[in-house]
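Visitor: The structure under discussion is supplied below as structure tokens; questions concerning it will follow.
Taken together, the values in this text are just the output of simple stated rules run on the coordinates, not laboratory data. In this text the structure is predicted, and so the values were computed from the model without any measurement. Virtual Cβ from ideal backbone geometry, glycine too; neighbours counted across all protein chains shown.
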Amino acid sequence: MRILVIGGGGREHALVWKIAQSPLVNTLYCAPGNAGIAEYAECVPIKVTDIDALARFAEEHSIDLTVVGPEAPLTAGIVDKFESMGMRIVGPSASPAQLEGSKIFSKRLMQTYGIPTAEFHICENQEDAELFLHRFYAQHPPHTPIVIKADGLAAGKGVIVAQNREEAHASIRAMMFDQVFGEAGSKVVIEECLFGEEASIIAITDGFDVVPLVPTQDHKRIGEGDTGLNTGGMGAYSPVPCAPSEIVEEVLERILRPAIRAIADLGIPYRGFLYAGIMLTETGVKTIEFNCRLGDPETQVILPLLESDIVPLLLAVTDCTLAQVPIRWHNYAAATVVAASGGYPGDYETGKVITGLDKVHEEQNCVAFHSGTRLEEGQIVTNGGRVLSVTGIGASIMDAVANAYIGMSHIQFEGIYYRGDIASRALRSSQ
Ligand code: AMP
Ligand code: GLY
């Protein structure tokens, strides 16, 4: 088979790494890929949002199956385009991808179908938002936290957890007047601030069957102890002690299956991966967000734990035969640690030479997945905020984390930063 993976981050490196292990695959392409992906796949310099060029490439190269990593091409309709040309592709079409592409769409759907989530108010303009906040703070003390979400895609940065009235008003001004997230913030959702442990429960679905992958927990903040600015994700691990199988089952029954049924009711089946970001609150499981794809860096721990060949699963998604393909998992733990460029998630420099990747390769229990890297004059150099992650596996989370850090200790580049406390919540709860 000839497979094309779309994307160029750590998630796509993990996908390509896993797909390359399948005996069903003989040719693998990735657009645009990165320096690590180039080890397994031919990298094609086409942007993930250049849907016409990607479709032309797939047609000209007789691609049998395309797998989409990031959300931008999904919400822009890549699946609709490929399917209209009779090509197989894994991912939801543009309309159901609105579950991630529009917070307003997603919240309305959850409300209509009784999917548990935070109380919310939709604001179509700044005046409406300011008025809502005035009313809210007339009934609550000024230091009550509240959450402001830009409606559209904002590269994972469109959510502000405002700690008090002042911050809430400032966030509304930043999004709706200064337009810091551009068009994405022209409408916002203001919602109740929830408290509790978070987990990512991602399912694979053909629109009928919904099969959960192993649960993961992501570390969104840049600083140790979950402090500082939000990032794309600085590490992840699985299993998650706060999300045992009963919780996964509950998320499946109360969140993921109802969402997929709701989408089917709208007339377009949801196929691909559906990611529920959940919070385990005192009053039960609540949905924080939906994503229409696999997570990054969650995928870097999920796929090393997947024992089954991934290709039959991906094919079953497009054929609506997922019920016939069993999914098996290794009975061990995985943890991934992300190394970022100094300054990230603010400004940072690129082009720094990365050393030590060969030593990670020699380690038995870890694997490096590249996020932002490129080849320059025969050397691998940094090319993004999140540069690479090292995933460790082991019999317990503690072993997996230790192996990830052993791998990471070999990696060097100027300005390297990574958190030293990945999975610390899980390690605390298992003591
Ligand atoms: P999102 O981009 O929707 O994943 O949100 C980013 C982060 O903001 C989440 O991982 C949560 O930590 C936080 N967050 C989002 N919504 C809420 C909420 N209603 N209450 C508390 N924290 C939230
Ligand atoms: N790690 C969070 C995400 O992929 O959205």
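Visitor: Using DSSP loop states and a limit of at most 13 other Cβ atoms within 10 Å to flag GluC sites (Glu not before Pro), what is the longest stretch of the chain containing no flagged site?
Guide: For GluC sites (Glu not before Pro) (loop position, at most 13 other Cβ atoms within 10 Å), the longest site-free span of the chain is 125-281.
Visitor: Now, a different point. Please report the spacing between the Cα centers of segment 234-251 and segment 77-111 in Å, no decimals.
Guide: Rounded to whole Å, the Cα centres lie 26 Å apart.
Visitor: Please give every one of the aspartates and glutamates within straight-line cross-link reach of residue 81, meaning a C-alpha to C-alpha distance under 16 Å, and leave out same-chain neighbours fewer than 8 residues apart.
Guide: Here the aspartates and glutamates satisfying the reach criterion relative to residue 81 are 50, 52, 59, 60, 64, 71.
Visitor: So which residue, out of 272, 235, 420, gets the largest mean-square fluctuation from a GNM of the chain using Cα contacts under 10 Å as springs?
Guide: Greatest mean-square fluctuation among the candidates belongs to 420.
Visitor: As an exercise, use a Förster radius of 25 Å and the Cβ-Cβ distance of residue 349 and residue 157 to find the FRET efficiency, rounded to the nearest 0.05.
Guide: 0.80
Visitor: Which whole-Hz ³J(HN,Hα) couplings does segment 325-337 yield from phi under the Karplus relation 6.51 cos²θ - 1.76 cosθ + 1.60, θ = phi - 60°, glycine and proline marked x?
Guide: With coefficients 6.51, -1.76 and 1.60, one gets 10, x, 10, 10, 10, 6, 8, 9, 10, 9, 9, 10, 10 Hz.
Visitor: Here's something else I'd like to know. Do any of 18/286; 157/286; 220/286; 47/157; 47/220; 107/220 go past 29 Å between their Cα atoms, and which?
Guide: 18/286
Visitor: So what is the relative contact order of the chain, in percent, for Cα pairs below 8 Å that sit 6 or more residues apart?
Guide: 16
Visitor: Between residue 428 and residue 47, what is the label-point separation in nm under the 7 Å Cα-to-beta-carbon projection?
Guide: Those two pseudo-labels are separated by 4.3 nm.
Visitor: Excluding residue 375 itself, calculate the net charge of residues whose Cβ lies under 14 Å from the Cβ of residue 375, where each Lys or Arg counts +1 and each Asp or Glu counts -1.
Guide: So the surrounding residues net to -2.
Visitor: Can you list the residues, at least 5 places off or on another chain, whose amide H is less than 5 Å from the amide H of residue 194, using H built in the peptide plane?
Guide: none
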